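Below you'll find the structure, written out as structure tokens, and then a few comments.
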Amino acid sequence: MIDTQADREPILVYDPASDVVGSYQSEFYTSLWSTFDVDHTNSADELAAESTMGRYAAVVYRWRTGTIGDLEAVLAELPEPFSIPFIVAGPDDPTAVRNVLVTDADGYVPAGPESASKLESRIDTETPVSKTAGAEAVDTSALHEAIVEQMQDSAWVLDGELRISYVNDRLVERLDLSASDLIGQPLDDVLNGTILEGGEYGRFEQGLRELLAGSQQRLRIQLRVDPDDAPTYTTDVLARPYRDSDDEIVGIVGIGRDITEQLAEQRRMERQNDLFRQAEQLATIGGWAWDLDDNAVEVTEQVYEIYDLPDAFDPTIENILQYHPDPTDAVRAAFEGLRAGEPADLEARLRTPTGDRKWVRIHGSPKETDGEVTEIIGSVQDITERRRLETQLRENVDSLRRLYQLSTDTSLSFADRIDRVLAMTCDRLDLRYGFLSTVDDDHRQIVSAHGGHDELRPGSTAPLSESYCRKTIQQDSLFTLEDALAEGWTDDPAYQRLELDCYLGGNINIDGRLYGTLWFADDTPREQSFTDTELAFVEVLTKWVSYQLERRSTESKLRELQETTQAFLTADDEAAVAELAMEAATDILELPLTALWQFDDGEDALLPVTQTDESDVHFDSQPRFESGEGLLWKAYAMNSVVVVDDVQAEPDRYTDDTAIKSEIIVPVQSYGVLVTATLEQREFTDLEVDLLRILATSLSAAMVRVDREVELQRQNDRLSEFTGYVSHDLRNPLSVAQGYVDQIKTTGNIETLSAVERAHDRMETLIEDMLLLARKGEIIDMVGPTRVETIAEWAWEAVDSRDAELEIEGELAVEADAPRLQQVFENLFRNSVEHGGPELTITVECHDDWFAVADDGHGFEEEPPRLDSDTHESESGLGLSIVAKIVEAHGWVITATDGSDGGSRFEIRGAEPADVEADADGESSEADSEPSVDR
């Protein structure tokens, strides 16, 4: 007994070839082992014994010989009844499959790698196998004969239940299926919804059933076949019913022919015919044939249309030649050459029976038979329009050449160029008048004119409502009027005033704005419509005139900007430069809403400087822009031009509540920004941006020049002031030295020479300090802890005190520039000595954080002077002016008052107290030693 495994479905394989049973090299057995629990036997007796026990799902006979007799012998050995499916495994061949299925075998699977999946599908269904009903009635020899006759076509046989009984190799190949996938299967399972679309299969099946019913003798249908893994194709199916010996319909025999390429070729030919018919209509081409045997001529309908021939026209060569007036007889010569076998291709004039003049192209090709010309096939094409376009093209080229010559002729003025252009175009369009006019507000003014119209002379103006130009400026393209009366202009004010029946005009634009119109007209209506080439030429002409005017305007603006730059060079200050820039923006650049902002480093903001007069009308004042605010700051910080065509849509705008719609922001390098704006939204031209950038560049250079000149003036003033300081402050030590010298001369006591030497040292120190400070541009140099009382004593020694006395009250140390502080005391002491009177006492008061110099003299004659950095010599005298500047340079404040007991008093406050204690090494402070420029 053969043992089976419980985890797989058991099958019994009967293979008489014992040498291959169990061979691992067999794809057939490998496939079965992967799916089933396979038992083998090569004994017919064991097959009969085991198969009766009912424990196998199927018995598989490995049919190797291909001989139907071997199969029938095995079937004869099986017991009756035999309830287990008996499946034959053999070659995947349509004939073998068909021959097996007409026996008592229950099914067929191809022996190979797919044997297991095929077998599994057979035994896992309620009806595991499909027998081929009626297959026994098929005459195999007749069937083979039919297949041989149609080897390139698909052949198939269906039984009475529309199951597939037979397929040939061609059909298996086209469907990319195996014979076992087809034979024995219902046609619906194989085709419906998979290989054939559902609706198409329905029509096919209906036709087949009509054949089986005998209501139809043949079925002819085209099917679109779409296999899963093969190209889609179209097959032409022819099917007929198949009858048995009793003349009963038992099936259907059919063939299918692949007509995919045939249909494609048919569609291609249909497209070509359609294209030919369309081309014949579009190109106005007619065909003709001339039979030289009987001299008969046949022509198409298109020839009749081209020649305007009546229906009764007799189409002979002579009759056709009469419509080709040609003094050179070129057309007749061409037909004679055709008769001699020479091809012809020429263009000829045509005068139709109705008198119309045309141009045609005649083409002819001779056809020979046995070396003799027997027929001529030709065509004729109406090329009138092409010839007309070629003529217009030549005229356009000539006009453009003349236009170029006018552009490059530097001897001609602009007015001369326009006059010649108007004359040339009037001749080109066959019109009497030509004009260039400006349009401003509600009026039209003639700039240049050609043709001598009484109402339309250079300089004449008219309301725009009485002008044809009002129609022109309302559209972007040209405005044409070919017959004013026919087009309803009788009551129009322009027609009633000028009576121009024909008009053609276009807009002239400069820098993106309307300048006026260029137009041409006539007193009579236009006989023919303006052609496309004529309209194209006038369109080009409007662009040319616009360019000429724009170039002229640009050159004028550049010259005026250059003059503004020259004016910048003579401006006295920044305000004058700014006003010149505003005038240039308004008058030259025609940008009336322009303003200027300056960057203030101290406030880190852009501050408004000035704006144009027109800006004053719309804006009371301009805002300041803090760091990072608005588009102005963005342009300044990035040092780049910002052009905003739609301010309202700009997320970085300064404020939502603004009347400005468009603006240009141009940085003025090292100064600020220049801004121009509009109250209506518009796109600025590149030229406007470039010209504003040029103005900003000139403005920047002018501001730099003004700043430099201001700085030079400041340096000159400082130099002059320095000269005064030196001359004034040297008088004190000079007077002291002179006094001691006089004393030496009188007494002969040379011990006082040390005092003279100190006076000269003081003068040298003053000169060196003042020179150093003048070069540095500063009033004070280094500050440090300084004793006020000590500096006052040194200053007293350097002053010619006459008979005055000095008193010092208290002590005070402050942070100060000692040499400059000494200058303060010297000038205050000298002021008291010179103006205080005899027996004068000068007191230096030292307090906690301030000090004062007072005297008991005559005091101030008028009000005490105001002392600060702006104090002039004429107000307080040079000495007190020097004092005021040094004090303010320290950051202190000096106040002049009348003393409580008379005399003058100077209080200096705001000083910073300092510690002047000697350090651990015994070094003294700055105030403990003689001040020197060598500190």
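The values are calculated or read from the model by the stated rules, or taken from the named source; none is laboratory data. None of these values were measured; they are calculated from a predicted model. All Cβ positions, even for glycine, are placed from backbone atoms using ideal geometry, and neighbour counts span all protein chains on display. Surface areas here come from the heavy atoms of the whole protein model, side chains and all, with no ligands, DNA or RNA. Shrake-Rupley method; radii C 1.70, N 1.55, O 1.52, S 1.80 Å.
Search the stretch 420-464 for residues being of a type in the set (D, E, K, R), within 43 Å of the chain's Cα centre (by Cα) and open to solvent by 50 Å² or more (accessible area, probe 1.4 Å), and hand back the single one that is farthest from Gln474 (Cα to Cα). Outline the logic, then answer.
Looking only at the stretch 420-464, we keep the residues that are of a type in the set (D, E, K, R), and these are 420, 427-428, 430, 432, 440-442, 444, 454-455, 457.
This time we only want the ones that are within 43 Å of the chain's Cα centre (by Cα), so: 420, 428, 440-442, 444.
Then keep just the ones that are open to solvent by 50 Å² or more (accessible area, probe 1.4 Å); that gives 420, 440-442.
On the way: Arg420: 27, Asp440: 14, Asp441: 14, Asp442: 13 Å.
Looking at residues that are of a type in the set (D, E, K, R), within 43 Å of the chain's Cα centre (by Cα) and open to solvent by 50 Å² or more (accessible area, probe 1.4 Å), I get Arg420.
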Is the stretch 75-82 home to any residue that is surrounded by fewer than 18 Cβ atoms within 10 Å (Cβ to Cβ), outside any loop (DSSP other than H, G, I, E, B) and in contact with a helix residue (DSSP H, G or I) (Cβ under 6 Å, 6 or more places away or on another chain)? yes
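Within the group Leu821, Leu773, Leu828, which residue is crowded, with 18+ Cβ neighbours inside 10 Å, on the phi < 0 side of the Ramachandran plot, modelled with pLDDT under 90 and assigned to a helix (DSSP H, G or I)?
Values: Leu821 fails: modelled with pLDDT under 90; Leu828 fails: modelled with pLDDT under 90.
On inspection, the qualifying residue turns out to be Leu773.
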Over the stretch 85-108, the set of residues under 14 Å from Gly69 (Cα atoms), part of a helix (DSSP H, G or I) and in contact with a helix residue (DSSP H, G or I) (Cβ under 7 Å, 6 or more places away or on another chain) is Asn99, Val100, Leu101
Restricting the stretch 674-697 to residues that are modelled with pLDDT of 90 or more and under 24 Å from the mean Cα position of the chain (by Cα), the one surrounded by the fewest Cβ atoms within 10 Å (Cβ to Cβ) turns out to be Asp690
Hey, Glu888 open to solvent by 40 Å² or more (accessible area, probe 1.4 Å) and modelled with pLDDT under 85 or not
no
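Residue-by-condition table, conditions (1) in contact (Cβ under 8 Å) with a residue 40 or more places away in the chain; (2) open to solvent by 60 Å² or more (accessible area, probe 1.4 Å):
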| residue | (1), (2) |
| --- | --- |
| Lys634 | no, yes |
| Ala649 | no, yes |
| Ser662 | no, no |
| Gly672 | yes, no |
So, first residue free of Cβ contacts under 8 Å to residues at least 40 places away in the same chain and closer than 30 Å to Ile694 by Cβ in the stretch 536-556, second residue among the polar types (S, T, N, Q) and open to solvent by 30 Å² or more (accessible area, probe 1.4 Å), Cβ within less than 6 Å, six or more apart or across chains; the pairs are Ser546/Asn509
Of the listed residues (Ala484, Ala494), the one being assigned to a helix (DSSP H, G or I), open to solvent by less than 40 Å² (accessible area, probe 1.4 Å) and over 16 Å from Leu518 (Cβ atoms) is Ala494
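From Val799, Val844, Val833, grab the single residue that is over 19 Å from Asp901 (Cα atoms) and of a type in the set (A, V, I, L, M). Show your work before the answer.
Working: Val844 fails: over 19 Å from Asp901 (Cα atoms); Val833 fails: over 19 Å from Asp901 (Cα atoms).
That would be Val799, the only listed residue that is over 19 Å from Asp901 (Cα atoms) and of a type in the set (A, V, I, L, M).
Is there a residue being among the acidic types (Asp, Glu) and open to solvent by less than 30 Å² (accessible area, probe 1.4 Å) anywhere in the stretch 42-65? Steps first, answer last, please.
Taking the stretch 42-65 first, the residues among the acidic types (Asp, Glu) are 45-46, 50.
Narrowing the set further to residues that are open to solvent by less than 30 Å² (accessible area, probe 1.4 Å) leaves 50.
Yes.
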Given (1) at pLDDT below 75; (2) open to solvent by less than 40 Å² (accessible area, probe 1.4 Å); (3) touching a helix residue (DSSP H, G or I) at 6+ places or on another chain (Cβ under 9 Å), Gln281 misses just (2)
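Of all residues in the stretch 457-494, how many are hydroxyl-bearing (Ser, Thr, Tyr) and touching a residue at least 24 places away in the same chain (Cβ under 8 Å)? Working first, answer last.
Taking the stretch 457-494 first, the residues hydroxyl-bearing (Ser, Thr, Tyr) are 460-461, 465, 467-468, 472, 477, 480, 490.
Next, only the ones that are touching a residue at least 24 places away in the same chain (Cβ under 8 Å) stay: 465, 467-468, 472, 477, 480.
Summing the residues that are hydroxyl-bearing (Ser, Thr, Tyr) and touching a residue at least 24 places away in the same chain (Cβ under 8 Å) in the stretch 457-494 gives 6.
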Flagged pairs (Cβ under 7 angstrom, 6 or more apart or on separate chains; first in the stretch 890-901, within 13 Å of Ser832 (Cα to Cα); second at pLDDT 90 or above and hydrophobic (A, V, I, L, M, F, W, C)) are Ala896/Phe906; Gly899/Ala854
The residue that is nearest to Gly286 (Cα to Cα), considering only those in the stretch 346-379 that are among the small types (Gly, Ala, Ser) and either open to solvent by less than 30 Å² (accessible area, probe 1.4 Å) or assigned to a strand (DSSP E or B) (or both), is Ser379
When restricted to Arg714, Arg624, Arg705, the only residue basic (Lys, Arg), more than 27 Å from the chain's Cα centre (by Cα) and open to solvent by less than 40 Å² (accessible area, probe 1.4 Å) is Arg705
Filtering the stretch 394-405 down to residues that are farther than 24 Å from Pro525 by Cα and open to solvent by 20 Å² or more (accessible area, probe 1.4 Å) yields Arg394, Val397, Asp398, Leu400, Arg401, Arg402, Tyr404, Gln405
When the stretch 17-41 is checked residue by residue, the ones that are modelled with pLDDT of 85 or more and in a loop (DSSP other than H, G, I, E, B) are Ser34, Thr35, Phe36
Exactly one of Gly512, Gly516, Gly459 is more than 24 Å from Arg682 (Cα to Cα) and of a type outside the set (Ser, Thr, Tyr), and that residue is Gly459
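Looking only at residues in the stretch 465-481 that are among the aliphatic types (A, V, I, L, M) and assigned to a loop (DSSP other than H, G, I, E, B), which one is most open to solvent (accessible area, probe 1.4 Å)? Steps first, answer last, please.
Step one: of the stretch 465-481, the residues among the aliphatic types (A, V, I, L, M) are 473, 478, 481.
The next check asks that each one be assigned to a loop (DSSP other than H, G, I, E, B); those that pass are 473, 478.
Numbers: Ile473: 54, Leu478: 25 Å².
In this case the residue turns out to be Ile473.
Could you identify the single residue in Glu807, Glu845, Glu793, Glu811 that is open to solvent by 50 Å² or more (accessible area, probe 1.4 Å), among the acidic types (Asp, Glu), at pLDDT 90 or above and part of a strand (DSSP E or B)? Don't jump to the end; show me each part of the working.
On the way: Glu845 fails: open to solvent by 50 Å² or more (accessible area, probe 1.4 Å); Glu793 fails: part of a strand (DSSP E or B); Glu811 fails: part of a strand (DSSP E or B).
Exactly one residue qualifies, and that residue is Glu807.
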Here the qualifying pairs (Cβ atoms under 8 Å; residues six or more apart or on different chains; first in the stretch 594-612 and of a type in the set (Val, Ile, Thr); second in a loop (DSSP other than H, G, I, E, B)) come out as Thr594/Thr612; Thr612/Pro592; Thr612/Leu593
